[in-house]
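Below you'll find the structure, written out as structure tokens, and then a few comments.
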Amino acid sequence: MTEAPSLSVVVASHGRPRALRRCILGLSQSAVPRLELVVVADAEGLAALSDLPFAGRLKTALQDPPNLAEARNAGVARAAGDLVGFVDDDAVPEPTWAHAMVTAFDGEPSLAAATGPVLGRNGISLQWGPVAVDRLGRDQPMASEPGPEQCRKLHGTNMVFRRQVLHDLGGFDPAFRFYLDDTDMALRLARAGLATAWVPGAVVHHAFAASVRRDADRVPLDLRDVGASTAAFLRKHATEEMEAALVQLGQDQYDRLFRLVRRRKLGLKEMRRLLESLRDGIEEGRARSVAETGGFSVDLAYSSLFDAPSDTDVVLSDWRHRAGALRAEAQRLVADGARVSLFLLEPSPRAHRVRFTDGGWWEQEGGLYGRSDRTRPRLQPWRYASRVSAELRRINAIRFRDGRNVQFQGRS
């Protein structure tokens, strides 16, 4: 019996040390036998990881100045796994994400790349599902397989490649410093006739953390990189349609910003400044060189994050007024190497939210009578024990590698 492919995961980060630390903590709880983590971050981000118990097993590189495509290439150059995955610093994969991806590749030798579901801020609703993309970089609906003028979109915060494929294609194009680098790669894969797949069990939570380009409410602070990357992308993939597509980009961003003005998230003066930054970026992108890179190392030592993954899953649950005691217990269990899922309920119809905490455990809060799945009624009749059981069934496939070995503590 052949051994399953080894996996390296690259996380690029700049200006978000707290989010980066949380992401790496989440990845360290992956239920997969072999995992290598490569972090390409600014000095502050690397410092935030220095006291983690497994810090000595991380592969790291400094990212300065920020360029997402170059950072990803720096990670690929240090990755020794058969597969190379990418997760954003403001995201955390479910514990079974790595196993689901490795299994998908292990069963399909011709598979070049894969992507999977991305959940939004509430940790339950789908942010991005299976999507196609065209050569203008526009998302398109996809029922099953991409159409003749489309390819499968790879979600940048949830994508895995065969390492050799990234080497053969020359890595990510540094022209896309923040935006569209993953879409450019998807088009290049399609052009090369390489197979991609959707892996429904490989789930990542994505928080959209604040950055120099947007605030915590996703209100844009600068559109220069969007304009520059879009112009460069169109020059590379759709020269003849470039001018019309840039006009449409301007209109789309105008409409988006005006909606924010109407919601009083932006002022008109700020809207004008943002549109000016978009125009400046477009002019920059017109002159930006586009190309594939190359020259990756091929004989690297694999640095496994752990000798063996944790095989202990613990579920804690009780009413929310006992949150302090349960969080202290969760912290103790995590320090002992367990993966912890904490459920805190209250006798109300409040909707549920799921998050991976800075302390390293999964936490779901909400009302006993509130909904988790946003497609369900707002008010639902439940008893405590049946509600916790229902939520465990909802997450079982993505949270626990083996649901039969989960330990339960707390109210039932």
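The values are calculated or read from the model by the stated rules, or taken from the named source; none is laboratory data. Just so we're clear, the structure is a prediction, and the values are computed from it rather than from any experiment. We place every Cβ from the backbone using ideal geometry, glycine too, and count neighbours over all the protein chains shown. Surface areas here come from the heavy atoms of the whole protein model, side chains and all, with no ligands, DNA or RNA. Shrake-Rupley method; radii C 1.70, N 1.55, O 1.52, S 1.80 Å.
Are there any pairs, at least 6 apart or on different chains, whose C-beta atoms fall under 7 Å, with the first in the range 41-60 and under 17 Å from PHE306 (Cβ atoms) and in contact (Cβ under 8 Å) with a residue 12 or more places away in the chain and the second open to solvent by 30 Å² or more (accessible area, probe 1.4 Å) and of a type in the set (D, E, K, R), and if so, which?
LEU49/ARG21; LYS59/ARG78
If SER125 passes every condition in (1) farther than 22 Å from LEU169 by Cα; (2) touching a Leu at 6+ places or on another chain (Cβ under 9 Å); (3) open to solvent by less than 10 Å² (accessible area, probe 1.4 Å) but one, which one does it miss?
SER125 satisfies all of (1) farther than 22 Å from LEU169 by Cα; (2) touching a Leu at 6+ places or on another chain (Cβ under 9 Å); (3) open to solvent by less than 10 Å² (accessible area, probe 1.4 Å) except (3).
Suppose the filter is over 18 Å from ALA91 (Cα atoms) and modelled with pLDDT of 95 or more; does VAL204 pass it?
no
Among the residues of the range 327-336, is there at least one that is free of Cβ contacts under 8 Å to residues at least 12 places away in the same chain and among the small types (Gly, Ala, Ser)?
Yes, the range 327-336 has at least one match.
Do we find a residue being within 18 Å of the chain's Cα centre (by Cα), at pLDDT 95 or above, of a type outside the set (Lys, Arg) and not in a loop (DSSP other than H, G, I, E, B) anywhere in the range 145-160?
Checked the range 145-160: at least one residue is within 18 Å of the chain's Cα centre (by Cα), at pLDDT 95 or above, of a type outside the set (Lys, Arg) and not in a loop (DSSP other than H, G, I, E, B).
List pairs: first in the range 203-226 and of a type in the set (Phe, Trp, Tyr), second modelled with pLDDT of 80 or more and surrounded by fewer than 20 Cβ atoms within 10 Å (Cβ to Cβ), Cβ under 6 Å, 6+ apart or cross-chain?
From the range 203-226, the pairs are PHE208/ARG218.
Tell me which of these LEU274 doesn't satisfy, since it passes every other one: (1) buried (at least 20 other Cβ atoms within 10 Å of the Cβ); (2) at pLDDT below 95.
(2)
Quick check on the range 231-247: of everything there that is over 29 Å from GLY267 (Cβ atoms) and free of Cβ contacts under 8 Å to residues at least 40 places away in the same chain, which residue is surrounded by the most Cβ atoms within 10 Å (Cβ to Cβ)? Before you say what the answer is, go through the steps one by one.
Just the residues of the range 231-247 that are over 29 Å from GLY267 (Cβ atoms), to begin with: 232-244.
Narrowing further to those that are free of Cβ contacts under 8 Å to residues at least 40 places away in the same chain: 239-240, 242-244.
Working: THR239: 9, GLU240: 8, MET242: 18, GLU243: 10, ALA244: 12.
Top of the filtered list is MET242.
Scan the range 306-322 and report the pairs whose first residue is of a type in the set (Gly, Ala, Ser) and whose second residue is crowded, with 17+ Cβ neighbours inside 10 Å, with Cβ atoms within less than 6 Å and a gap of 6+ or a chain change.
That search, which allows pairs on different chains as well, returns SER310/ARG339; SER317/PHE343; SER317/VAL388; SER317/GLY410.
Which residues, taken from the range 115-127, are part of a loop (DSSP other than H, G, I, E, B) and among the aliphatic types (A, V, I, L, M)?
As a first pass, look at the range 115-127 and keep what is part of a loop (DSSP other than H, G, I, E, B): 116-117, 120-125.
Scanning the range 115-127 gives a single hit, ILE124.
Kindly provide the set of residues from the range 96-114 that are assigned to a loop (DSSP other than H, G, I, E, B), out of contact with any strand residue (DSSP E or B) (no Cβ under 9 Å at 6 or more places or on another chain) and touching a residue at least 60 places away in the same chain (Cβ under 8 Å), ordered by number. Talk me through it step by step, then tell me what you get.
Step one: of the range 96-114, the residues assigned to a loop (DSSP other than H, G, I, E, B) are 96, 107-110.
Okay, now just the ones that are also out of contact with any strand residue (DSSP E or B) (no Cβ under 9 Å at 6 or more places or on another chain), so 96, 107, 109.
Once the filter is applied, which keeps residues that are assigned to a loop (DSSP other than H, G, I, E, B), out of contact with any strand residue (DSSP E or B) (no Cβ under 9 Å at 6 or more places or on another chain) and touching a residue at least 60 places away in the same chain (Cβ under 8 Å), the range 96-114 yields only THR96.
With the range 1-95 as the region, which strands (runs of 3 or more DSSP E) entirely inside it contain at least 3 residues that are open to solvent by less than 50 Å² (accessible area, probe 1.4 Å)? Walk me through how you get there before you give the answer.
On the way: elements: 7-13, 35-41, 59-62, 83-86, 91-93.
Output list reads 7-13, 35-41, 83-86, 91-93.
So for the range 166-177 (the condition being hydrophobic (A, V, I, L, M, F, W, C), surrounded by 22 or more Cβ atoms within 10 Å (Cβ to Cβ) and farther than 22 Å from ASP82 by Cβ), does at least one residue qualify?
Yes, the range 166-177 contains at least one residue that is hydrophobic (A, V, I, L, M, F, W, C), surrounded by 22 or more Cβ atoms within 10 Å (Cβ to Cβ) and farther than 22 Å from ASP82 by Cβ.
Is there a residue being among the basic types (Lys, Arg) and in contact with a helix residue (DSSP H, G or I) (Cβ under 7 Å, 6 or more places away or on another chain) anywhere in the range 387-405? Steps first, answer last, please.
As a first pass, look at the range 387-405 and keep what is among the basic types (Lys, Arg): 387, 393-394, 399, 401, 404.
Applying the additional criterion that residues be in contact with a helix residue (DSSP H, G or I) (Cβ under 7 Å, 6 or more places away or on another chain) yields 401.
Yes; the residues of the range 387-405 include at least one that is among the basic types (Lys, Arg) and in contact with a helix residue (DSSP H, G or I) (Cβ under 7 Å, 6 or more places away or on another chain).
Quick one: would you say ARG353 is surrounded by fewer than 20 Cβ atoms within 10 Å (Cβ to Cβ) and in contact with a strand residue (DSSP E or B) (Cβ under 7 Å, 6 or more places away or on another chain)?
Working: surrounded by fewer than 20 Cβ atoms within 10 Å (Cβ to Cβ): yes; in contact with a strand residue (DSSP E or B) (Cβ under 7 Å, 6 or more places away or on another chain): yes.
Taking the combined requirement at face value, the residue satisfies it.
For ALA328, all conditions in the list (1) surrounded by fewer than 16 Cβ atoms within 10 Å (Cβ to Cβ); (2) touching a helix residue (DSSP H, G or I) at 6+ places or on another chain (Cβ under 8 Å); (3) modelled with pLDDT of 95 or more; (4) small (Gly, Ala, Ser) hold save one; what is the number of the exception?
The number of the failed condition is (2).
Give the residues of the range 191-230 that are under 22 Å from ARG121 (Cα atoms), open to solvent by less than 40 Å² (accessible area, probe 1.4 Å) and in a loop (DSSP other than H, G, I, E, B), sorted by residue number.
The answer is VAL199, GLY201, ALA202, VAL203, PHE208, ALA209, SER211, VAL219.
Restricting attention to the range 137-150, which residues are crowded, with 17+ Cβ neighbours inside 10 Å and out of contact with any strand residue (DSSP E or B) (no Cβ under 6 Å at 6 or more places or on another chain)? Give the derivation first.
First, the residues of the range 137-150 that are crowded, with 17+ Cβ neighbours inside 10 Å: 137, 142, 146, 150.
Passing the criteria: only GLY137.
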